[in-house]
Amino acid sequence: MFNDIGALELVTLVVLAVLVFGPDKLPKVIQDVTRTIRKIREFSDSAKQDIRQELGPEFKDFEFEDLNPKTFIRKQLDNDELGLKEIRNGFDLKKEMAEVTDAVHGRESDSSSGSSSSGSSGGRIDMSKKPETPARDDRPPFDADAT
């Protein structure tokens, strides 16, 4: 419930409580707050038990946390009937990204061959454009739509 409260915030709350309620009334206020929280929890637990009894035995495994959409979807996706675990375990994102990177850079991926083709450039790829000289009898490509 209070997972995001750090030490500085906690010290600030304690100092603020001492200033507002005073050191004399602070223990009584803490007791009242804890008693109220305990009553709310008891009321909540009794309400959950009443709902479970009213639903009947076919809903004995019903959990109220399942009503949260995120929890419901996570529980359904973790269900082994769909076979999603095999798909998720068979997909290696780092490997896929390395293969895409290698393809973009024009290198052979490590998974397809034991060594990468480094050539004579020491692993660097020459990305500069070099004009290709067409053969003497070759005509440039003709684009009918461009004319």
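Taken together, the values in this text are just the output of simple stated rules run on the coordinates, not laboratory data. Treat the numbers as computed from the prediction; the structure is a model and nothing was measured. Here Cβ is always computed from backbone atoms with ideal geometry, including for glycine, and neighbour counts include all displayed protein chains.
Overview of values
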| quantity | calculated |
| --- | --- |
| Karplus (6.51, -1.76, 1.60) ³J(HN,Hα), θ = phi - 60°, over region 36-45, in Hz, Gly and Pro reported as x | 5, 4, 4, 5, 5, 5, 4, 4, 5, 5 |
| Efficiency of FRET between ASP45 and LYS94 - r from beta-carbon atoms, R0 30 angstrom, step 0.05 | 0.10 |
| Highest average packing first - 28-35, 89-96, Cβ atoms within 10 Å | 28-35, 89-96 |
| Dimensions in Å of region 15-104 - Rg and Dmax from alpha carbons | 25.2, 72 |
